[in-house]
1. Among all residue pairs at least 6 apart or on different chains, which show Cβ distances below 8 Å where the first residue, located in the stretch 296-320, is farther than 15 Å from residue 341 by Cα and the second is of a type in the set (Lys, Arg) and surrounded by fewer than 15 Cβ atoms within 10 Å (Cβ to Cβ)?
2. Taking the conditions exactly as written (more than 20 Å from residue 100 (Cα to Cα) and of a type outside the set (D, E, K, R)), does residue 177 satisfy them or not?
3. Pick from 130, 111: which is more than 27 Å from residue 184 (Cβ to Cβ) and either modelled with pLDDT under 85 or out of contact with any helix residue (DSSP H, G or I) (no Cβ under 8 Å at 6 or more places or on another chain) (or both)?
4. Considering the stretch 203-230 alone, what residues qualify as being over 20 Å from the mean Cα position of the chain (by Cα), more than 28 Å from residue 127 (Cβ to Cβ) and surrounded by 16 or more Cβ atoms within 10 Å (Cβ to Cβ)?
5. For residues that are assigned to a helix (DSSP H, G or I) and either of a type outside the set (Gly, Ala, Ser) or crowded, with 16+ Cβ neighbours inside 10 Å (or both), tally how many sit in the stretch 110-141.
6. Looking only at the stretch 182-198, decide whether some residue is at pLDDT below 85, among the hydrophobic types (A, V, I, L, M, F, W, C) and out of contact with any Cys (no Cβ under 8 Å at 6 or more places or on another chain).
7. Across the stretch 364-383, what is the total count of residues that are among the hydrophobic types (A, V, I, L, M, F, W, C) and either in a loop (DSSP other than H, G, I, E, B) or over 31 Å from the mean Cα position of the chain (by Cα) (or both)?
8. From the residues in the stretch 142-181 that are assigned to a loop (DSSP other than H, G, I, E, B) and of a type in the set (D, E, K, R), which one is modelled with the highest pLDDT?
Amino acid sequence: MGECIADPSTTARWSAARQSDKIVPHGSLRQSCLCTVKDSILGWSRGRRNSVSSMSNQENPFLEYPIDLKHELLNHLLRLKPTGRELLKAAELLVYSGIPSFDLSCLDDCKFQDVRDVLETLIKNGACLKELIIAGQWLYHDTSNTLVLQMLKSCPNLRYLKLQQTTREGRELEVILKHCPKLRRLEIMHPSVEEHDIDNLAEAMKNDPAAFSSSVELLTEVKLPSSVNGKGVLKLMKALPNLQYISCTYLDQIIDELEEIDDPSFWRERASKLLGLMFFFPLLKSLELKNSPTIPLSYTDEVLPLLAACGKKLLSLSLERYDLIDLSKTATYCTNLRSFSAQWFTILSTSIARGTKKQFLNLRYLRLRPRVGRKVTPDACEILLTNSQCLKHLEFYCSYG
């Protein structure tokens, strides 16, 4: 990694802290202490630069810090979006000294080589991790799958795992339950796991029950994406008999499958052990969808059916990187929206909006930002500004007129 210049705001703040004798209150004693320690870290790391080995017990100043303090300090540094070598060095030393929780989505602004370096550091110290979120745009890099599998295999003490997506080749479910024996909660966000993945998991557990015995006993809560149908949920309940809390999408499919089941007594007893069964849509009030730049989804084919199912109660909708957004159908499905944001779109369609019932009447917040070289059409501006009489915040970028 080449020599970098530190963030200007960080440089100014650090210099001011070094030159002033005043103690500036930061709102709370806790925050003040954290900021003071953070400034000391910046000063120390600037002075030492590359002279410190991250694996040196004698020179790493964070090894004796309480683990919660190390985690707080790392979060502070990540919020600064470190680009300077000294900040990256401090963050690296904190990770090497052991942290209990990490959210990999914070690396979205980094180059993939930097993401790889952080992942390799975490893999070496995975035994410290108890909570892990594996998410972000970096997952679409062609070599990320191997790193994810290595990461999952290096975290034997994980209690909570939130995974953006699985792959058909990676067999992540098997790896997770085999190599994370202390896992209590598992969440998979994007539609990726399917019924055949659960079949493969059940087959692997049948062939090597000893390897999965601990996770079968301890895993009590799962959140499944919409790609898992009702039959898949029941198969997972059968494979993991101690599951007590399940979040899924298709409750009606589960009920239909139970009505046709061959062994009602088994499922009556199994269902009695559940403490919570939650299906997503009825409680959903805020939805943010960011389209993948490498594997884009169609707004018409993929997003509108989702809005048709859950849009009535939505109060906030944010859309990013969709080529075509149908403004009229979006308003038809999401009648109670108070906040609507569409960014980096190509076309904002209003073809059937005129002559229909007034739309977007409840909007308080509106943001429209098309892609570079595109504009918000006059029709879209007119419809939104005419109907949305309660607006309190408005952002239009590249609009006509």
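1. Within 8 Å, the pairs are 313/285.
2. For residue 177, the condition - more than 20 Å from residue 100 (Cα to Cα) and of a type outside the set (D, E, K, R) - is not met.
3. None of the others qualify; the one that does is 111.
4. Passing the criteria: 229, 230.
5. So the count comes out to 19.
6. Among the residues of the stretch 182-198, not one is at pLDDT below 85, among the hydrophobic types (A, V, I, L, M, F, W, C) and out of contact with any Cys (no Cβ under 8 Å at 6 or more places or on another chain), which makes the answer no.
7. Residues that pass the stated criteria total 4.
8. 159
The values are calculated or read from the model by the stated rules, or taken from the named source; none is laboratory data. What you see is a predicted model, and the numbers here were worked out from it, not measured in a lab. Methodologically, a virtual Cβ is constructed for each residue, glycine included, from the backbone with ideal geometry; neighbour enumeration extends over all protein chains shown.
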